[in-house]
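Q: The structure under discussion is supplied below as structure tokens; questions concerning it will follow.
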Amino acid sequence: MLVKAHSIWNDFAEVQNEFDRFFRRGFGEGARGYYPPANIAENTDAYVIQARVPGLTKDDVSVELEGRALTIRGEHKREAASFTREERATGKFERTITFKHPLAADKIQAEVKNGILTVTLPKAEEAKPRKIEIVAK
Amino acid sequence: MFGLQKKAVENEAGTQTTATENSVTYVPAVDVTENETGYTIFADVPGADKDSVDVTYEDGVVTLKANSASAKQVEGAQAIHREFRLAGYERAFRVGDDVDVDKINAEIANGVLKVSLPRKASAKKVISVSAK
């Protein structure tokens, strides 16, 4: 994870998620692994994760950082009803993403808006690129 | 009562995965529930909001369209890992005669589009039989 991937692998990941949508229905007591699908972007100061969590509000999702590992947990609840078609995800999920740079744990921000969870993880000061002055003697 | 209505254009767009971000159209996952008062469609359209959805009814077909491009993350960050796109969604459903098309309504919350299709007020009529 977090090796810069060639774009074709990104496309495979996307296809994989489409398969998951059909085969990983009903998480039961908790799916671990690659749900929810997430995009990760990086700039010099921070990582930005966007995860696809349709239907969830901030009360249904939790985000936890332990060292360099970020864990997203949540649950897709389903009302009892008579379903004539049932394709959307149900049940609990958990996904851990591990970063190669140390993170500024106290500055992490997370928000859920329109079914997209956005987590902004600033890198720790020591992980940011820094220019070294060269002294001539 | 519901059948997936596939249009030629939707097919072309839906299978196109290597094109630029905005030209991809997903077929959203849906749940459909049914009770005495009518049918309800729940479609996963994460990233879409009220201004980017469009629900239309024409010739017995309800079409749901949405776009999530506005949820894209901040500029200036470089994507290093990608598993989904913030793109368009489109799916169409054939609607039965028992639905009151004038009362179809739609709402969106937390990236889920909910379309309610109420049944027509009871179409049941008792016809009296007269004896001669």
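The values are calculated or read from the model by the stated rules, or taken from the named source; none is laboratory data. Everything numeric here is computed off the predicted structure, so don't read it as measured data. Every residue, glycine as well, gets a Cβ built from its backbone with ideal geometry; the counts of neighbours run over all protein chains shown.
Q: Can you tell me which residue is nearest to the other protein chains (Cβ to nearest Cβ) among those in region A:87-98 that are within 30 Å of B:TYR39 (Cβ to Cβ) and under 16 Å from the mean Cα position of the chain (by Cα)? Please lay out each step first, then the result.
A: The initial filter retains those residues of region A:87-98 that are within 30 Å of B:TYR39 (Cβ to Cβ), namely A:87-93.
Going one step further and asking which of them are under 16 Å from the mean Cα position of the chain (by Cα), we end up with A:92-93.
On the way: A:LYS92: 17, A:PHE93: 14 Å.
Checked region A:87-98; the qualifying residue nearest to the other protein chains (Cβ to nearest Cβ) is A:PHE93.
Q: So, one more: Where the second residue is surrounded by 10 or more Cβ atoms within 10 Å (Cβ to Cβ) and in a loop (DSSP other than H, G, I, E, B) and the first is at pLDDT 80 or above and lies in region A:124-136, which pairs have Cβ atoms under 6 Å and are six or more apart or on separate chains?
A: Hits for this filter: A:ALA124/A:PRO102; A:ALA124/A:ALA104.
Q: Quick check on region A:56-77. Is at least one of its residues in contact with a helix residue (DSSP H, G or I) (Cβ under 8 Å, 6 or more places away or on another chain), in contact (Cβ under 8 Å) with a residue 40 or more places away in the chain and away from chain B (no Cβ under 14 Å)?
A: Keep residues of region A:56-77 that are in contact with a helix residue (DSSP H, G or I) (Cβ under 8 Å, 6 or more places away or on another chain), which gives A:65.
Now drop any that are not in contact (Cβ under 8 Å) with a residue 40 or more places away in the chain, which leaves A:65.
Among the residues that remain, those that are also away from chain B (no Cβ under 14 Å) are: A:65.
Within region A:56-77, one or more residues are in contact with a helix residue (DSSP H, G or I) (Cβ under 8 Å, 6 or more places away or on another chain), in contact (Cβ under 8 Å) with a residue 40 or more places away in the chain and away from chain B (no Cβ under 14 Å).
Q: Moving to a separate point now. Search region A:113-137 for residues being within 13 Å of another protein chain (Cβ to nearest Cβ) and within 18 Å of A:ALA46 (Cα to Cα), and hand back the single one that is surrounded by the most Cβ atoms within 10 Å (Cβ to Cβ).
A: We begin by selecting, within region A:113-137, every residue within 13 Å of another protein chain (Cβ to nearest Cβ); these are A:113-123.
Narrowing further to those that are within 18 Å of A:ALA46 (Cα to Cα): A:117-123.
Values: A:LEU117: 23, A:THR118: 17, A:VAL119: 23, A:THR120: 19, A:LEU121: 26, A:PRO122: 17, A:LYS123: 20.
Filtering first and then ranking leaves A:LEU121.
Q: Restrict the check to region B:53-74 and report whether at least one residue is surrounded by fewer than 21 Cβ atoms within 10 Å (Cβ to Cβ), within 12 Å of chain A (Cβ to nearest Cβ) and farther than 22 Å from A:ILE49 by Cα.
A: yes
Q: With the structure loaded, tell me whether A:THR84 is of a type in the set (Val, Ile, Thr), part of a strand (DSSP E or B), within 13 Å of chain B (Cβ to nearest Cβ) and surrounded by fewer than 17 Cβ atoms within 10 Å (Cβ to Cβ) or whether it fails that test. Steps first, answer last, please.
A: Working: of a type in the set (Val, Ile, Thr): yes; part of a strand (DSSP E or B): yes; within 13 Å of chain B (Cβ to nearest Cβ): yes; surrounded by fewer than 17 Cβ atoms within 10 Å (Cβ to Cβ): yes.
Considered against the rule, which asks whether it is of a type in the set (Val, Ile, Thr), part of a strand (DSSP E or B), within 13 Å of chain B (Cβ to nearest Cβ) and surrounded by fewer than 17 Cβ atoms within 10 Å (Cβ to Cβ), A:THR84 comes out as yes.
Q: Would you check if B:PRO46 is surrounded by 13 or more Cβ atoms within 10 Å (Cβ to Cβ), more than 8 Å from every other protein chain (Cβ to nearest Cβ) and in contact (Cβ under 8 Å) with a residue 12 or more places away in the chain?
A: No: the conditions fail for B:PRO46.
Rundown of residues vs (1) in a strand (DSSP E or B); (2) within 20 Å of B:PHE84 (Cα to Cα); (3) among the small types (Gly, Ala, Ser), yes/no style:
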residue	(1), (2), (3)
A:TYR34	no, yes, no
A:ALA41	yes, yes, yes
A:ILE72	yes, yes, no
A:LEU117	yes, yes, no
A:PRO122	yes, no, no
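Q: Residues of region B:85-115 being among the hydrophobic types (A, V, I, L, M, F, W, C), within 13 Å of chain A (Cβ to nearest Cβ) and free of Cβ contacts under 8 Å to residues at least 60 places away in the same chain, which ones?
A: Matches in region B:85-115: B:ALA109 only.
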